[in-house]
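A quick write-up on the structure given underneath.
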Amino acid sequence: MKRMRNRLQHAIVALIVGWLALFVLLPNLMIIVTSFLTRDDAHFVSLVFTLSNYSRLLDPLYADVLLHSLNMAFIATLCCLLLGYPFAWCLTRLPARIRPLMLFLLIVPFWTNSLIRIYGLKIFLSTRGWLNESLLWLGVIDKPFRIMFTPEAVILGLIYILLPFMVLPLYSSLEKLDKSCLEAARDLGASPLQRLVRIILPLTMPGIVAGCLLVFIPAMGLFYVADLMGGAKNLLIGNVIKSQFLNIRDWPFGAATSIVMTLLMGLMLLVYWRAARLLNRKMELQ
């Protein structure tokens, strides 16, 4: 019986390792190798080693797209944090029997494809969309105002798609918050602002950092949001990768761009890991 259990465990481990090697390790190795090869019009890739794909990323055109992507992702992350933190705080203040329902309603949009939801947001914000028609009917505006195909529209689309990724880790951190610390601070005369800055924010910092990473990292790659909401003038780095693979057919440069973006995400995760370790060490010393 014990031997059969061990064989089953080994088989499960081998299956998992094989799946990861086939569908995770091998594709990433192919991308890494492709990034050092040369473009070929006939076969997409020529087996000629080069570093020009990475040096092209220093071109001001692509550098501007990268900086624009970082800027848009940063603004979207900040807006999600400012919206998500009070929302998560209110969730923790609700009666225990209502919280599961509210979390369920928060997750329900994930049952619908995000591309379909972006199309719905596009219809809502268009010049003849429901928002403009409602404001015109109420007399708030005299003529429809233009939201679509602007940087603000892209940011709205990113917030609409990624806000739940901010709320969930914040809710997890706020739910575990020791209420006795807040009661002690209140008894000692701390104002609400002091309690927020000196107790709530430091204790929920892991949730803040995790939520920011969960929003910031995918925000740079949601190319369909920029395509539908921002037009050609509001590209994200994901749009560059998509166009290199599907339109221009320059697979080596697209692979190099993907590798740089992956390394940037890995650096962010490393910063999060180091920050979490320092915070845990500080909490243990206190």
Selected residue [open to solvent by 70 Å² or more (accessible area, probe 1.4 Å), modelled with pLDDT of 85 or more and outside any helix (DSSP H, G or I)] from 49, 23, 104, 74 | 49
Can you find even one residue in segment 210-221 that is aromatic (Phe, Trp, Tyr) and buried (at least 18 other Cβ atoms within 10 Å of the Cβ)?
-> yes
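Out of 126, 69, 114, I need the residue that is modelled with pLDDT under 90, over 16 Å from the mean Cα position of the chain (by Cα) and in the same structural domain as residue 237 (by the TED database). Which one?
Of 126, 69, 114, the one residue that is modelled with pLDDT under 90, over 16 Å from the mean Cα position of the chain (by Cα) and in the same structural domain as residue 237 (by the TED database) is 126.
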Hey, can you tell me all the residues within segment 1-51 that are among the aromatic types (Phe, Trp, Tyr) and within 18 Å of residue 256 (Cα to Cα)?
-> 36, 44, 49
In segment 160-189, anything open to solvent by 30 Å² or more (accessible area, probe 1.4 Å) and either touching an Asp or Glu at 6+ places or on another chain (Cβ under 6 Å) or not in a helix (DSSP H, G or I) (or both) is listed as 176, 178, 188, 189
How many residues does segment 190-201 hold that are open to solvent by less than 50 Å² (accessible area, probe 1.4 Å) and within 30 Å of residue 264 (Cα to Cα)?
-> 1
So which residues in segment 77-101 are more than 19 Å from the chain's Cα centre (by Cα), in contact (Cβ under 8 Å) with a residue 12 or more places away in the chain and open to solvent by 40 Å² or more (accessible area, probe 1.4 Å)?
-> 89
Given the conditions (1) free of Cβ contacts under 8 Å to residues at least 12 places away in the same chain; (2) surrounded by 14 or more Cβ atoms within 10 Å (Cβ to Cβ); (3) among the small types (Gly, Ala, Ser), every one holds for residue 63 apart from (2)
Within segment 172-180, is there a residue that is free of Cβ contacts under 8 Å to residues at least 60 places away in the same chain and touching a Phe, Trp or Tyr at 6+ places or on another chain (Cβ under 7 Å)?
-> no
Among the residues listed as 258, 191, the single one being polar (S, T, N, Q) and within 21 Å of the chain's Cα centre (by Cα) | 258
Just to be sure, is residue 254 among the small types (Gly, Ala, Ser), in contact with a Lys or Arg (Cβ under 9 Å, 6 or more places away or on another chain), modelled with pLDDT of 85 or more and surrounded by 13 or more Cβ atoms within 10 Å (Cβ to Cβ)?
-> yes
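Picking from 59, 40, 64, which residue would you name as being among the charged types (D, E, K, R), modelled with pLDDT under 90 and outside the structural domain of residue 217 (by the TED database)? Write out each step before concluding.
Working: 59 fails: outside the structural domain of residue 217 (by the TED database); 64 fails: outside the structural domain of residue 217 (by the TED database).
Step by step, each of 59, 40, 64 is checked, and only 40 is among the charged types (D, E, K, R), modelled with pLDDT under 90 and outside the structural domain of residue 217 (by the TED database).
The values are calculated or read from the model by the stated rules, or taken from the named source; none is laboratory data. Every value quoted in this text rests on a predicted model; they were computed, and no experiment measured them. Counting neighbours? That spans all protein chains shown, and the Cβs are built from the backbone with ideal geometry, glycine included. These accessible areas exclude ligands, DNA and RNA; they are computed on the full protein's heavy atoms, side chains included. Shrake-Rupley method; radii C 1.70, N 1.55, O 1.52, S 1.80 Å.
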